[in-house]
1. Somewhere in region 117-125, is a residue within 25 Å of GLY229 (Cβ to Cβ), away from the ligand (no atom under 16 Å from the Cβ) and open to solvent by 20 Å² or more (accessible area, probe 1.4 Å)?
2. Would you confirm whether any residue within region 74-81 is among the β-branched types (Val, Ile, Thr) and either within 13 Å of the ligand (Cβ to nearest atom) or over 22 Å from ASP15 (Cα atoms) (or both)?
3. Any residue in region 151-173 that is among the aliphatic types (A, V, I, L, M), part of a loop (DSSP other than H, G, I, E, B) and under 26 Å from ALA46 (Cα atoms)?
4. I'd like the full set of residues that are open to solvent by less than 70 Å² (accessible area, probe 1.4 Å), modelled with pLDDT of 85 or more and closer than 13 Å to GLY143 by Cα, limited to region 176-208.
5. Between residues in region 53-77 that are assigned to a helix (DSSP H, G or I) and residues that are modelled with pLDDT of 95 or more and away from the ligand (no atom under 11 Å from the Cβ), which pairs lie under 7 Å by C-beta distance while being six or more apart or on different chains?
6. Among the residues of region 126-148 satisfying the criterion of being in contact with a Phe, Trp or Tyr (Cβ under 8 Å, 6 or more places away or on another chain), on the phi < 0 side of the Ramachandran plot and buried (at least 20 other Cβ atoms within 10 Å of the Cβ), which is modelled with the highest pLDDT?
7. Condition (residue is of a type in the set (Lys, Arg), modelled with pLDDT of 95 or more and in a loop (DSSP other than H, G, I, E, B)) applied to region 97-110: is it met by at least one residue?
8. Taking ARG48 and the conditions (1) within 18 Å of the chain's Cα centre (by Cα); (2) open to solvent by less than 70 Å² (accessible area, probe 1.4 Å), which numbered condition does it fall short on, given that it satisfies the others?
Amino acid sequence: MLIVLSVGGSILAKDLDPKHFSAYASALKELANKHQIVVVTGGGVAARNYIDVARGVGANEVVCDFIGIDITRLNAQLLIAALGNTAYPEPPTTYKEAESALTSGKIVVMGGVIPGQTTDAVSAILAEYLNADMMVIATSVDGVYSSDPREDPEAKKFDVMTAKELVGIVISTEMKAGSKSPVDPLASKIIERCNIDTIIMDGTDPQDVLEVVLQEAVKTEKVTGVRLGTRIIG
Ligand code: UTP
């Protein structure tokens, strides 16, 4: 199976601690024994800090996005370093480059691509382009909620939801200032249009991601329970 894995910078590059990169590298090596993997890394706090400075000096949002993209690529390079020769040596900078890199048989790791989106959208577009079998969004929250759980004690977590429901939730969350949905609106629209099997889950522990992907891939019994997060169905 071909799996696209989006790993949020907030978990991979948390405190810029090498142990998070090493732990992800071990889990990915194990996964790569059975499946083809493309990983898209986020920017995390470093991206936000650099973007704040850029805004502070008057940069426009496109310039800020380019700076964010550079940080996502730095995180990709750190993960590549942790993976050693099981990884393709450079982060592809386009979807087509990623497709060519996959022919190496190595784990492909990349960051952002163009301004105006986040790495969740990169993952979704890549998953559609490569006709991937599954996409996993490993993030710092344990799934998709009916509203922002930090603000609304009544917020309910979805174990399963349709892509259309995801789009509705993401758009209503994004409209509220300061709120942040678990995937960006563009990513949710791409998931809706290509109907890819998607899981949004807490990726703090890469072993959880490994287990969920391995069990999902078998397809005999769908994973359930806390580790799964939210499954998006067509
Ligand atoms: P992220 O994907 O890390 O954004 O990209 P995020 O939603 O803040 O993610 P977490 O917190 O890591 O999960 C960081 C920034 O890089 C730019 C955007 O400015 C984004 O906010 N970016 C990234 C792009 O402009 N284009 C891309 O393709 C990717």
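1. Taking region 117-125 as the starting set, the residues that turn out to be within 25 Å of GLY229 (Cβ to Cβ) are 117-125.
Filter once more, keeping what is away from the ligand (no atom under 16 Å from the Cβ): none.
No, that holds for no residue.
2. Taking region 74-81 and keeping what is among the β-branched types (Val, Ile, Thr), we get 80.
In the following step, the residues that additionally are either within 13 Å of the ligand (Cβ to nearest atom) or over 22 Å from ASP15 (Cα atoms) (or both) were identified as none.
Within region 74-81, not a single residue is among the β-branched types (Val, Ile, Thr) and either within 13 Å of the ligand (Cβ to nearest atom) or over 22 Å from ASP15 (Cα atoms) (or both).
3. Quick first cut of region 151-173, residues among the aliphatic types (A, V, I, L, M) only: 155, 160-161, 163, 166-167, 169-171.
Narrowing the set further to residues that are part of a loop (DSSP other than H, G, I, E, B) leaves 155.
Narrowing the set further to residues that are under 26 Å from ALA46 (Cα atoms) leaves none.
Checked region 151-173: no residue is among the aliphatic types (A, V, I, L, M), part of a loop (DSSP other than H, G, I, E, B) and under 26 Å from ALA46 (Cα atoms).
4. Across region 176-208, the qualifying residues are VAL183, THR198, ILE199, ILE200, MET201, ASP202, GLY203.
5. Listed pairs, sorted by first residue: ARG73/PRO91; ALA76/PRO91; ALA76/VAL109; GLN77/PRO91.
6. Across region 126-148, the extreme among qualifying residues is LEU126.
7. Pass one, region 97-110, residues of a type in the set (Lys, Arg): 106.
Now narrow it down to the ones that are modelled with pLDDT of 95 or more: 106.
From the residues that got through so far, the ones that are in a loop (DSSP other than H, G, I, E, B) too are 106.
Checked region 97-110: at least one residue is of a type in the set (Lys, Arg), modelled with pLDDT of 95 or more and in a loop (DSSP other than H, G, I, E, B).
8. Just one mismatch for ARG48, condition (2).
The values are calculated or read from the model by the stated rules, or taken from the named source; none is laboratory data. Note that the structure is predicted; figures quoted are calculated from it, not measured. So basically every Cβ, Gly included, is an ideal-geometry build from the backbone, and we count neighbours across all protein chains shown. Quick note on the areas: whole protein, heavy atoms, side chains included, nothing else; ligands and nucleic acids left out. Shrake-Rupley method; radii C 1.70, N 1.55, O 1.52, S 1.80 Å.
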